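First up is the structure itself, then whatever we jot down about it.
The values are calculated or read from the model by the stated rules, or taken from the named source; none is laboratory data. None of the values given here were measured: they were computed from a predicted structure. Cβ: placed from backbone, ideal geometry, glycine included. Neighbour counts: every protein chain shown.
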Amino acid sequence: MDKKTLDRLIEKIDIDGPLIEGMGECCFEWKGCVDDKGRPRFFYNGTGGLARRAFYEAIIESALPDGVQVMAICRNPKCMNPAHLFAATEHDAHALAGYSNLSPNGIVNLRKVMGETGISAEELAVTFRLSEPLMLRVVAG
Ligand SMILES: [Zn+2]
């Protein structure tokens, strides 16, 4: 993504978004248009795409493989805060969608459990059927 396009994308991000419980910093909310599922949309490369994916790929300076999607750990559908975004495989995305206890509150509880019991992210990943890198990302905050 060229600098002009990235600047245009960043202009649509409000860095004073809501502070969701369990998150260390506030959300950066998308002010541009969204699709029928509430996902931020951004027009670039001559076509409309998902703004989060475009932003994430610009940050990591690489294209994500097909089947990998960008999700927000805070569950705010408009969040663009890079600290809240993570790349998830389809498997991870399905697993996350199925576990309501991985809400921001649930994540706070998970971190507490890890601190008090010494249970590892690896063990939690098995319990929650997430990949270990994603579980590490979840509990790191
Ligand atoms: Zn957020």
Among the residues of the stretch 93-103, is there at least one that is modelled with pLDDT of 80 or more and assigned to a helix (DSSP H, G or I)? no
What single numbered condition from (1) touching a Gly at 6+ places or on another chain (Cβ under 6 Å); (2) without any contact (Cβ under 8 Å) to a residue 24 or more places away in the chain; (3) not β-branched (Val, Ile, Thr) fails to hold for CYS33? (1)
So which residues in the stretch 109-141 are more than 19 Å from HIS94 (Cα to Cα) and not in a helix (DSSP H, G or I), if there are any at all? GLY118, ILE119, SER120, GLY141
Quick check: is even one residue across the stretch 54-66 in contact with an Asp or Glu (Cβ under 9 Å, 6 or more places away or on another chain), more than 14 Å from the ligand (Cβ to nearest atom) and part of a loop (DSSP other than H, G, I, E, B)? yes
Output the number of the condition that CYS27 fails; it satisfies all remaining conditions of (1) within 20 Å of VAL139 (Cα to Cα); (2) more than 16 Å from the ligand (Cβ to nearest atom); (3) in contact (Cβ under 8 Å) with a residue 12 or more places away in the chain. (2)
Condition check: within 16 Å of the ligand (Cβ to nearest atom) and either of a type in the set (Lys, Arg) or modelled with pLDDT under 90 (or both). Does ILE13 satisfy that? no
Please find, among LYS78, LYS112, the residue that is at pLDDT 85 or above and among the basic types (Lys, Arg). LYS78
